[in-house]
Each structure stands twice: as structure tokens, then as C-alpha cells.
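Have a look at the structure below before the remarks.
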Amino acid sequence: MLESLITTAAGAASATVGVLVGGLVTRRGQDRQWSRDRQLLAYQELLSHYARFTMVIKRAHADRSGWDYDWAEWSAVLTRVSLVAPAEVAREVDRFGRAVDRFLDRVAREVDTVRAPLGEEEFLAAGAEVARAQTRLVNAMRRSLDGGRKALTFWIGGSHAEHAEQGEQGDRGAR
């Protein structure tokens with residue numbers, strides 16, 4: 001009888017431990033998935049804002065018109081990304097943000113888009129550094145979401161999408 005009681009108690013204890021461990025493992029997996037989902041949303045938002053304002057500025061140069069953008073929202077997006085991004089991505093976001101700032105100096109702050117707009121080649125040349133930074137950032141984002149993804153060697157979107165030499169420049173920027 002004692003043997004049956006011990007066997008039953010051991011079985012019940014094993015089942016309880018199994019349920020507890022299974023719950024912890026499931027919870028950890030759900031937390032990781034939630035974190036990846038938040039990262040992806042923040043990354044999408046950052047890249048969408050970048051593509052949007054570069055196209056607004058590029059269009060202003062092409063149309064010889066003024067332009068405006070909600071820079072407070074851009075800053076807020078950078079902050080939201082920093083809340084969910086791993087350290088490697090946050091470093092690349094910082095580098096990208098500094099490259100964007102230099103890009104804005106060249107195409108927006110120091111240039112009158114109505115009186116002295118840049119031509120397309122000048123605009124593309126001014127954006128070469130930020131395009132390389134974008135490629136590095138996207139690759140860091142891809143690694144943070146799934147380390148098995150192959151690195152991109154080119155940039156997509158923003159004002160640089162139609163640049164004919166992007167593959168060569170992007171390849172150097174991806175390293």
C-alpha cells in the first residue's frame with residue numbers, strides 16, 4: 001500500500017512539475033513573440049516615416065515648391081524604436097539618424113527648394129550616405145527579428161529606390 005501511495009504521489013508531482021515548466025516555457029515563447037511583433041511594428045513605422053519625408057523633400061525639389069513635415073512625429077518614432085530595439089539595432093538607429101540629419105542639411109535646411117532646387121543627380125548624391133546607413137539599419141533589424149536572414153546588399157524605398165548604382169554602393173554599406 002505504501003508503495004502505491006509513493007508511486008501515485010510521484011506521478012502527481014511529476015505531472016505538476018511538467019505543467020509548471022510547460023507554462024513557463026510557453027510564457028517565455030509568447031513574450032519573445034510579443035517583443036518581436038513590437039519590434040517589427042516600430043521598425044516599419046521608422047522606415048515608413050523616412051520614406052515619406054524623403055519623398056516629400058524630393059518632390060519639393062522636382063516641383064520647385066515648399067514642403068513641410070511633422071518632425072515631432074519623427075522624433076517620437078525614433079524614441080519608440082529605442083524602447084523595443086536590441087542594443088545593436090539601437091546603435092544603427094542612432095547612426096542612421098545622424099546620417100539623416102546630414103542628409104537634411106544637404107537637401108532641406110541649406111537649400112531653397114523653390115529658388116534653387118537640387119537636380120535629381122545632386123539629390124541622389126546627397127543621399128548616398130543615408131542610403132548606406134539605411135542598408136546597415138535594415139540588416140540589423142532583420143538580424144534582430146530572425147538571425148538566419150541573409151543580409152541585403154541594396155536599399156529599398158526612400159528617395160534612393162531608383163538609383164541605378166545602388167547594388168554596388170549598397171553592398172559596401174551592408175558590411
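Coordinate-derived values only; no laboratory data. No experiment lies behind these values; they were computed from the predicted model shown. Ideal geometry is used to build each Cβ from the backbone, glycine not excepted, and the neighbour counts take in all protein chains shown.
Our coupling estimate for segment 78-95, obtained by passing each phi through the Karplus curve with A = 6.51, B = -1.76, C = 1.60 and θ = phi - 60°, is 4, 5, 4, 5, 5, 6, 10, 7, x, 4, 4, 5, 4, 4, 5, 4, 5, 4 Hz, Gly and Pro reported as x. Hydrodynamic estimate: the Kirkwood radius of segment 2-174 over Cα pairs, inserted into Stokes-Einstein at 20 °C and 1.002 mPa s, corresponds to D of 114 µm²/s.
Distance from a point 7 Å along Cα→Cβ of residue 101 to each backbone N in segment 130-148: keep the residues under 17 Å and list them by number. What the label zone holds, given the 17 Å backbone N cut-off, is 130-131, 133-134.
Can you show me the helix-derived [θ] at 222 nm for the chain, built from DSSP H runs with n ≥ 4 at -39,500 (n - 2.57) apiece and divided by the number of residues, rounded to the nearest 500. Kindly include the intermediate steps, with their values, before the conclusion.
Working: 6 runs with 128 residues, N = 175.
For the chain, the value works out to -25500 deg cm²/dmol.
Each label point was placed 7 Å from the Cα along the Cα-to-Cβ direction; for residue 121 and residue 38 their separation is 4.8 nm.
Averaging Cα coordinates gives a centre for segment 49-63 and one for segment 96-143; these two points are 10 Å apart. For the pair residue 83 and residue 69, label points projected 7 Å from Cα toward Cβ lie 2.2 nm apart. Between 30, 134, 44, the Gaussian network model of the chain with springs among Cα atoms under 10 angstrom shows the greatest mean-square fluctuation at 30. Normalising the Debye intensity of segment 106-161 to I(0), with uniform scatterers on Cα atoms only, and taking log10 at q = 0.16, 0.21 Å⁻¹ returns -0.58, -0.78. Taking 107, 25, 77 in turn, the Gaussian network model of the chain (Cα-Cα springs below 10 Å) assigns the largest fluctuation to 25. One Cα centroid belongs to segment 6-30, the other to segment 69-90; the line between them spans 40 Å.
From the residues 26, 12, 108, which one has its Cα farthest along the dipole of the chain in the positive direction, the dipole being from +1 and -1 charges on Cβ of Lys/Arg and Asp/Glu about the Cα centre? The residue sitting most towards the positive pole is 12.
Along the positive direction of the dipole of the chain (beta-carbon charges: Lys, Arg +1; Asp, Glu -1; about the Cα centre), which of 55, 99, 138 reaches farthest? The residue sitting farthest along the positive end of the dipole is 138. For the chain, with a Gaussian network of springs between Cα atoms less than 10 Å apart, report the residue from 108, 62, 128 with the top mean-square fluctuation. Top of the fluctuation ranking is 62.
When only the Cβ of Lys, Arg, Asp and Glu is charged (+1, +1, -1, -1), the dipole of the chain relative to its Cα centre reaches about 480 debye.
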